[in-house]
Amino acid sequence: MSALINAFNEQFLLEIIKQPDSTQAAEIIKQADQVRTQTLGATVQLRGLIEFSSYCRNNCAYCGLRRENRSLPRYRLTPIEIIETAAHGIALGYRTIVLQSGEDLFFTGKMLTEIVKEIKKLGAVVTLSVGEREVKDYEAWRKAGAERYLMRHETADPVLYQKLHPGQTLSKRLSLLQALKQLDYQVGTGFMVGLPGQTPATLLADLQLTKNLAAEMVGIGPFIPHLATPLKEYPAGTTSLTCLMIALTRLALPYALIPATTALASINSQGRELGLAAGANVVMPNLTPWKYRADYQLYPDKAISGAEDGETRQKMIEKITALGREVSDTSGHHPLWLTDSRDDGENNI
Ligand code: SAH
Ligand code: SF4
């Protein structure tokens, strides 16, 4: 099926991306939904997300956690709190725990290694999303048992990347993503839709980069302006363009784990459903303790309650069942990663 995306010529893709509300775009979304059914079936993977620190050394222009945002109260969970929250999530039924934070060097490589080991003892799959760190740390965490790593490339335009990420480069990010691949992580990349300065050609490049990387996971969400950032005046990305990019990504990478993102659910009350109908097969409900949740403010009005609340897992299960889908009870690895190099007795397809 990935031949499909190759068969689209660039001009055709650009035209579609320029018209996300067209009938052709709707047709692409339908095709992506069919491809997802053929490759991965009806199952949806649920991941329990723990946002364990809102401290960040970076200054990404779009993000509410950027270091220059002094109006945001910062928090850190203690290692014990992280492990207890993970244990609670596992008891609720989550089989993957996603540990996400700003780039917070308070959590040394060693500390995170110990945390990963403890969560592995509880029997969960561990996904890390803690940004750019030293390759030796990535290696230690992989050895400690972490199986997945999420770090979006954010935008494939190197000039725009540099504008949005003072002091950082796209080439560094890509080389770290390659290093993660080499360490045998399932690697997640992804990008925002509707970033100021982004063009249809940028989005096409995002798609191509994602495919070239053969990413196992791809997170795609709308840019949402945060009032305490330099991008506060810009409009948010749209639901239709985000769903179209999810669909094109599904056609490009038929087996990828693609979340219907919280950002999409935050700009549209039907966002999760629309994402799942456009090729997505993952949802990441929030397990962060309530006293911290509102402070993990990547963007405003983040969807954190109702079915988004990991505690009320049943609500999300009902939502997914109502779509004619079912919640997976497997560990939810990328099927090709599983068959590639290991046999842990679980066939995930
Ligand atoms: N610090 C880590 C993980 C936390 S940020 C990292 O940067 O990888 C997780 C994701 O949130 C980022 O990859 C970015 O794509 C998204 N994000 C941040 N600010 C956002 C905004 N204003 N609108 C939409 N998504 C945003
Ligand atoms: Fe930090 Fe990630 Fe936000 Fe950038 S996107 S400021 S790295 S939390």
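The values are calculated or read from the model by the stated rules, or taken from the named source; none is laboratory data. Just so we're clear, the structure is a prediction, and the values are computed from it rather than from any experiment. Note: ideal-geometry Cβ built from the backbone for every residue, glycine included; neighbour counts use all protein chains shown. Only protein heavy atoms, including side chains, enter the accessible area calculation; ligands, DNA and RNA are left aside. Shrake-Rupley method; radii C 1.70, N 1.55, O 1.52, S 1.80 Å.
General observations
- Cross-link pairs beyond the 26 Å C-alpha cut-off, checked among Lys181/Lys315; Lys143/Lys163; Lys18/Lys163: Lys181/Lys315; Lys143/Lys163
- Among the cysteines of the chain, those with no neighbouring cysteine Cβ under 4.7 Å are Cys56, Cys243.
- 9 Å beta-carbon shell around Tyr55, net charge (K/R +1, D/E -1): +2
- Cβ-based net charge around Asp295, under 13 Å, with every Lys or Arg adding one and every Asp or Glu removing one: +4
- Across region 3-327, the mean sequence separation of Cα contacts (distance under 8 Å, 6 or more residues apart), normalised by length, yields a relative contact order of 24 percent.
- Carbon-plus-sulfur accessible fraction, region 3-327 (probe radius 1.4 Å, protein heavy atoms only): 55%.
- Taking all protein chains into account, the per residue accessible area for the chain stands at 40 Å² (1.4 Å probe).
- Contact order normalised by residue count of region 150-300, Cα under 8 Å, 6+ apart, percent: 20
- Per residue, the convex hull around the alpha carbon atoms of region 292-343 comes to 158 Å³.
- More than 29 angstrom apart: percent of Cα pairs within the chain: 33
- Its alpha carbons considered, region 243-304 gives a radius of gyration followed by a Dmax of 12.8, 40 Å.
- Remark on Val193: its backbone amide H falls under 5 Å from those of Gly221, Phe223, a criterion applied only to residues 5 or more positions apart or on other chains, H modelled at 1.01 Å from N.
- Region 189-315 - Kirkwood radius from inverse mean 1/r over Cα pairs (Å): 15.0
- Once divided by 2.2 N^0.38 Å, the Cα radius of gyration of region 153-229 becomes 1.10.
- Taking 0.36 nm per residue of separation and subtracting the current Cα-Cα distance, fully stretching the chain between Ser331 and Ala201 would add 43.2 nm.
- Antiparallel DSSP beta bridges within the chain, percent to nearest 5: 5
- The packing ranking, built from the mean of other Cβ atoms within 10 Å per residue, places the peptides 107-120, 53-66, 270-283 in the order 270-283, 53-66, 107-120, highest first.
- Distance from the Cα centroid of region 160-180 to that of region 182-201 is 11 Å (rounded to whole angstrom).
- Cβ-Cβ distance of Lys181 and Lys110, R₀ of 25 Å, FRET efficiency by 1/(1 + (r/R0)^6): the value works out to about 0.60.
- Taking 0.36 nm per residue of separation and subtracting the Cα-Cα distance, full extension of the segment from Thr321 to Lys163 would add 52.6 nm.
- Cross-link partners of Lys136 among aspartates and glutamates (Cα-Cα below 18 Å; sequence separation of 8 or more within a chain): Glu103, Asp104, Glu114, Glu147, Asp184
- Förster radius 45 Å - calculated FRET efficiency between Lys18 and His88 (Cβ-Cβ, nearest 0.05): 0.50
- Annotation for Thr37 and Glu311: the two label points, set 7 Å from Cα along the Cα-Cβ direction, are 3.8 nm apart.
- For region 55-78, the residues whose amide N sits under 19 Å from a probe point set 7 Å from the Cα of Asp295 along the beta carbon direction are 55-58, 63-78.
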